[in-house]
Amino acid sequence: MPSQFDAAWKDQNAVASRAVQRRLKAGEKDDGPRGTSNELTRRHSPGVPGVLPQDHNDYALTFFFNSYLLLSLASKPLGGYLDCIYPVWTQSSPESPLRPAITAVAMSLLEAWSWMNPNSPQSLARPHYVRGIAALRRHLQNGGDVDDDILMATLMLDMYDGITSFCGARSHTGVHLIGSAALIEKRQRRPFNGEASHKIISGIRSMIVGRALRNQESVSSDALTRTSNAQNIPRTPQYELEEIQFEVANLLASASALETTPVNRPSLASEILAKAHGLDQRLLDWTAAMPPDWKPTSCDAESVPRTIRDAGLYHDRCDIYPSIFTATTLTSHASSRINLQLTILACLPHLPTRAAHPFLSSAQEQQRTARATVQRLADTICASVPFYLGDRASVLRIDDQTIRYPRVGSGATPVEHYRTAAAYGGMFLMQRLPQLLALPLREGQREWVLGQMGRVKRVYLAREGGF
């Protein structure tokens, strides 16, 4: 295993171990027993039974599988790895690092929905996270094969970090992704020719590219090559989108240095501008070629229930997607195009006065087109909010079917949408809405976005010890 990856896990293990020691010391000062069943009972969410069984681990796993995973089989996630977590878990050995890693995720989600803070010293999730890191390092140091459960363990450790970061309003570092691509290359015994393997590889690839886009940092070509060269990975539409987004992330990283380049700035700006237009066209071509059943259905305000309009409907526009996972793929696509338009706008001031892209008549026209495109794409992201949140305005049951969601015609809301929207909607939205705050939007839209971000925090209790 590469030394950088080993160092990252070693650092995380040390930090996690210290946190557990603090938890144990805090528990020793309590008057009551060190277990947290009383705390869970006293502060439980309406979506979690008030009396938990003695085996909290089993209950947390059942909650996680039923609320986050098994339902995704019905809603057919597109290219994701969520629907193969359960089968990989059932086939893993009791000693697999995947077991404590998944338990850490399950327990943190149960605590969050129980109005508890997964970041608190009393959290039962953190010790499982520590054990997952230790088991993973031990397995690799002993020369164990990198099977599906080992790769999945890295994704689950990263998911735990994402949950605790979301609840604690911290930046998600993605430390467990640092060496995940290296583990793919290390894999020796089993080929990547099963459906689960393909989806795990796609999940790692998607996280690497997504993190680079959010942080506007370049993606290592080695990291992408390792995931791209894995055997027999299907070239799904999501895979093809991530191929383009990989280049977008690297272009954004190059463009960020434009202001500090002392020489040849017009030449560099022209080069970046041409690449931005080329990538934007490829994203448009991807949209034209995507499966027809991915396209959202737009509905007017009159067909949207009043409670949804009151909770959050921007400019009377609402888009309904085939699934939560389709929605997040297409809003990710919109986000990438927004970044390219901003790159175009950043390049234009550095060009010679008469310079223009071959397909546009003037720099002024490029500016008008880019700004109009930014506004249209921002409206698209805003139009997805009702689909994600419905009329939910406060913490309720994760499976509460009294929540109203927009729907096409007189059709009923799909049963699985009640849980997928509650389980994933808030975290997906918080990957997109903050980006809009820095855009040149029409008057009042930034305030609307801020209001919806505040709504997400109220619904999921982010920054306040749970969601």
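The values are calculated or read from the model by the stated rules, or taken from the named source; none is laboratory data. These numbers come from a predicted model, not from an experiment. Backbone-built Cβ (ideal geometry, glycine too); neighbour counts: all protein chains shown.
Some notes on this structure:
- Scanning the stretch 275-310 for residues that are assigned to a helix (DSSP H, G or I) and of a type in the set (A, V, I, L, M), we see that the one that is surrounded by the fewest Cβ atoms within 10 Å (Cβ to Cβ) is ALA288.
- In this entry, SER114 passes the filter for residues that are buried (at least 21 other Cβ atoms within 10 Å of the Cβ), modelled with pLDDT under 85 and in contact with a helix residue (DSSP H, G or I) (Cβ under 6 Å, 6 or more places away or on another chain).
- Contacts under 9 angstrom Cβ, first residue in the stretch 153-164 being in the same structural domain as LEU177 (by TED's automatic domain parsing), partner at pLDDT 90 or above and outside any helix (DSSP H, G or I), 6 or more apart: ALA153/SER92; ALA153/SER96; ALA153/PRO97; THR154/PRO97; MET156/PRO97; LEU157/PRO97
- Scanning the stretch 314-338 for residues that are among the charged types (D, E, K, R) and outside any loop (DSSP other than H, G, I, E, B) yields ARG317, ASP319, ARG337.
- Residue count for the stretch 311-321, restricted to those that are surrounded by fewer than 18 Cβ atoms within 10 Å (Cβ to Cβ) and either at pLDDT 95 or above or touching a Leu at 6+ places or on another chain (Cβ under 9 Å) (or both): 0.
- For the stretch 285-320, filtered to residues that are without any contact (Cβ under 8 Å) to a residue 40 or more places away in the chain and of a type in the set (A, V, I, L, M, F, W, C), the residue that is farthest from SER335 (Cα to Cα) is ALA301.
- With respect to the conditions (1) out of contact with any Pro (no Cβ under 7 Å at 6 or more places or on another chain); (2) modelled with pLDDT under 90, ALA438 lacks only one, and its number is (2).
- Qualifying residue in the stretch 173-181 (condition: in a helix (DSSP H, G or I), among the hydroxyl-bearing types (Ser, Thr, Tyr) and either under 27 Å from SER256 (Cβ atoms) or at pLDDT 85 or above (or both)): yes
- Within the stretch 107-126, at least one residue is acidic (Asp, Glu) and over 24 Å from SER206 (Cβ atoms).
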